[in-house]
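Following: one structure in structure tokens, then a few remarks.
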Amino acid sequence: MHDIVNLESGGLPGVMIASSEFVDAASAQAAALGADPARVFVAHPIQDRTDDEMRVLADGALDEILRRLLSTS
Amino acid sequence: MSATSDGRVLLDPTGELSAPTRERAPRPASLDGRTVGLLDISKPRGNVFLDRLEAQLTDRGIAVRRFTKPTFSKPAPVDLRQEIGTQCDLVIEALAD
Amino acid sequence: MTTAPLPDGLVAIVKRDCPTCRLVAPVLAELASGDDPVTVYSQDDPTFPDGVKVVDDTTLDVSFALDLKTVPTLLRVDGGEIVGRTEGWLRSDWETFTGRAPLGAGLPEYRPGCGSRTLDPDIADARAAAAGAVRLVARRIDLGAHEDEVEAAFERGWSDGLPVVPPTPERVARMLTGTTRAPDDVVAVVPPDLVECTVEKVAINAVMAGCKPEYLPVVLTTVEAACTDEFNIHGLLATTYFSGPMVIVNGPVARAIGMNSGINALGQGNRANATIGRALQLVVRNVGGGRPGEIDRATLGNPGKYTFCFAEDEAGSPWEALHVERGLPPGSSAVTLFAGDGVRGVVDQLSRTPDSLARSLAACIRAVPHPKMALGFDAILVVSPEHGRVFRDGGWSKARVRDELLALLQLDGDEVVRGAGGITEGLPEGLAGMTVPKLRDDGLLIVHAGGGAGLFSAIIGGWINGPGGSQPVTREVRT
């Protein structure tokens, strides 16, 4: 999260992707940094997924990722 | 006082018209003509995820650059951040697990 | 802060670190064996004195509530009210007061008390700061555990590019001791966001700028003056032009707070000069919301937009002070705000007569902001001591200097109209053949400042004058 926060402060819109296990930890980290970076969560587990399963996760997250990177109307 | 703050307080010097946390960078209206950086934090399987995002974005005509952190356990080195900052307009970082 | 009512009977407040209190400790024990209940509050050690009921007042809450000056203080309390009070040790006094005699056998007749711990300067300051901090209403920002407090200010956009002093509640409370005004007093409505700026908000930005509390009255007046319609800080901020607000301080306050009017007066190195100007810029940025790249679209700007503030050298001046000239009483203190575009140096090391020097200065003023422009811009002339001496030796008053300069700055229309000299820029062609004054009659301010060595003066150009532009504004400084 430090990287995204740091890049955002330099003017680069960013989003971090994390597994759903990370929801609370990400909130805590954000609070500790005094920031609120965009985050998209994908379903845990990650480690033992097949390549095909990972691609399905990526496809499923894409719309949300794009939404967080672009300005709302 | 929570576990994430240690009691240090500053008083807001602004007109308090917006939220006190660090604001996010302004977002563009579209990705047309913009380069998206994909930053792999080097946790397992993240590269497969990012490969797929790269393919999807490229199919949509969006320029993509790939970057990899040397290790997931530390923030990215300054050089890498500067590279991303100068070469890209937006960044996606994955995959924290 | 409210404290519990005092217990009835005899109440003493003591501290171990007081020879007189130690002297009367056995007397207090004597009194405790009588009919009157005796309660002793100890300011520094709850185990002192022996032989009596001691209440711990190391927080000094009770002592402050009693406005204690001396220890030991002996009170008689009846029905929760204090009906008698004596300080120090005087045997006859204590015997009458307590109705017990004899008291303190073997003790001297009289011993004066010591200062109460509440008068200790560090303690008094810390308490005032803590009490003040409770009254502050600005939004509190909890720093994340991993946040560096200096970086935090940068990250939130509060900085002008240089580090700011982190505005903790304690620092802001201490800053507020510099004024008698209430923290929630509204100082000004600050453009562009048109936010009501309170004394507290100015204090927060003054802390960030690095001001001392004693500078705050000057900062408050500066903010007031800047936010007037006449000064038009909004227009000044939004322009592509170079200018930013410049502050000239006059009167006794300048010396009192240690401002610089001498060597390097327009430069760095003096805390008051540096931080007062900076505090104004931070208020404009943070409270008003006026930032470069957003509302502030200056093409080039100028370094004075970090800070531009100095004091006039009145003691060494051949003339009356700027603020007196502008209508304030001698002996008052004031700030004058001007939309300054930077510093143009003037060298004249050979003129020995006021006439020659005036021509030199006029020749240089002619170029502000362009030799072929007139009337639209004001200017300030900062005359250094060595140049001031030329005028003084020649017997020229400030009014004479101004009149001569304005006369020398009557321009030949043919030279300054558009196209003249092969330069497209210039005045409307209709002015050809006419005489055009370079400056309006009120458009030249003259002040005296600088080190004693150096045959130089400075010209500070303004921004557009007239409605829609900015007028110089002078305001009296009050505490």
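All of the numbers you see were taken from the coordinates with simple rules; none came from a lab. Keep in mind that this is a model prediction, so the values were computed, not measured. For neighbour counting, all protein chains shown are included, and Cβ atoms are generated from backbone atoms with ideal geometry for every residue, glycine included.
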request  = With θ set to phi - 60°, apply the Karplus curve 6.51 cos²θ - 1.76 cosθ + 1.60 along the range C:24-29 and write out the HN-Hα couplings as whole Hz, x wherever there is a Gly or Pro.
outcome  = 8, 3, x, 5, 4, 5
inquiry  = Can you tally the net charge around C:Glu155? Count Lys and Arg as +1, Asp and Glu as -1, for every other residue whose Cβ sits under 13 Å from the Cβ of C:Glu155.
reply    = -4
key: Distant-in-sequence amide H partners of B:Thr21 (H built 1.01 Å from N, under 5 Å)   = none
task = Can you tell me what the convex hull of the Cα atoms of chain C projects to on average, as an area in nm²?
result = 30.8
ask   = With point charges of +1 on the Cβ of Lys and Arg and -1 on the Cβ of Asp and Glu, referenced to the Cα centre of the range C:9-119, which listed residue (C:Ile82, C:Thr70, C:Thr39) lies farthest in the positive direction of the dipole?
value = C:Thr70
inquiry  = For a bin width of 5 Å, list the pair-distance distribution of chain B built from all Cα-Cα distances, rounded to whole %.
reply    = 2, 11, 16, 16, 16, 13, 11, 8, 5, 1
request  = Quick one: work out the % antiparallel among DSSP beta bridges in the protein assembly as shown, nearest 5.
outcome  = 55
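What does the charge count around C:Phe64 come to, taking other residues whose C-beta lies under 11 Å from its C-beta (Lys +1, Arg +1, Asp -1, Glu -1)?
Values: positive: C:Arg117, C:Arg127; negative: C:Asp57, C:Asp61, C:Asp67.
Around C:Phe64, the charge tally is -1.
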request  = Pairs of Cα atoms under 8 Å, at least six residues apart: use those to get the relative contact order of the range C:200-352, whole percent.
outcome  = 37
key: DSSP bridge orientation in the range C:1-130 - percent antiparallel, rounded to nearest 5   = 60
request  = Could you pull out every Cys in the protein assembly as shown that lacks a partner Cys with its beta carbon under 4.7 Å away?
outcome  = B:Cys88, C:Cys197, C:Cys211, C:Cys227, C:Cys309, C:Cys364
message = Taking the Cα centre as origin and putting +1 on Lys and Arg beta-carbons and -1 on Asp and Glu beta-carbons, what dipole magnitude results for the protein assembly as shown, to the nearest 20 debye?
response = 1320
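For chain C, calculate the relative contact order in percent as a whole number, restricting contacts to Cα pairs under 8 Å that are 6 or more residues apart. Display every interim value, and only then the final one.
Values: 959 pairs, mean separation 64.6, N = 479.
So the answer I get is 13 percent.
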task = Take the alpha-carbon positions of the protein assembly as shown, form their convex hull, and give its projected area averaged over all directions (one quarter of the hull surface) in nm².
result = 43.6
query = Can you work out the base-10 log of I(q)/I(0) for the range C:9-119 at q = 0.18, 0.19 1/Å, using the Debye formula on its C-alpha atoms alone?
reply = -0.81, -0.91
remark   = C:Ser317 neighbourhood, Cβ < 15 Å, K/R = +1, D/E = -1, net charge 0
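Kindly count the pairs of lysines across the protein assembly as shown whose alpha carbons are less than 20 Å apart, treating pairs on different chains or eight or more residues apart as eligible. Could the numbers behind the result be given before it?
Details: B:Lys43/B:Lys69; B:Lys43/B:Lys74; C:Lys15/C:Lys53; C:Lys15/C:Lys69; C:Lys201/C:Lys212; C:Lys372/C:Lys438; C:Lys398/C:Lys438.
Close lysine pairs under the 20 Å cut-off: 7.
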ask   = Roughly how big is chain C's charge dipole about its Cα centre, with Cβ charges of +1 (Lys, Arg) and -1 (Asp, Glu), in debye to the nearest 20?
value = 1020
query = How big is the antiparallel share of DSSP beta bridges in the range C:154-476, given as a percent to the nearest 5?
reply = 75
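Size of the dipole of the range A:2-69 about the Cα centre, Lys and Arg at +1 and Asp and Glu at -1 on the beta carbon, nothing else charged, in debye to 20? Present the calculation step by step, with values, prior to reporting the outcome.
Working: 5 positive and 12 negative charges, 47 e Å.
In total the dipole reaches around 220 debye.
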inquiry  = Only Cα pairs within less than 10 Å get springs; with that Gaussian network setup on chain B, which residue of B:Pro13, B:Pro77, B:Pro44 has the largest fluctuation?
reply    = B:Pro13
remark   = If one builds a Gaussian network model of chain B from Cα atoms under 10 Å apart, the most fluctuating residue listed among B:Arg24, B:Arg81, B:Arg34 is B:Arg24
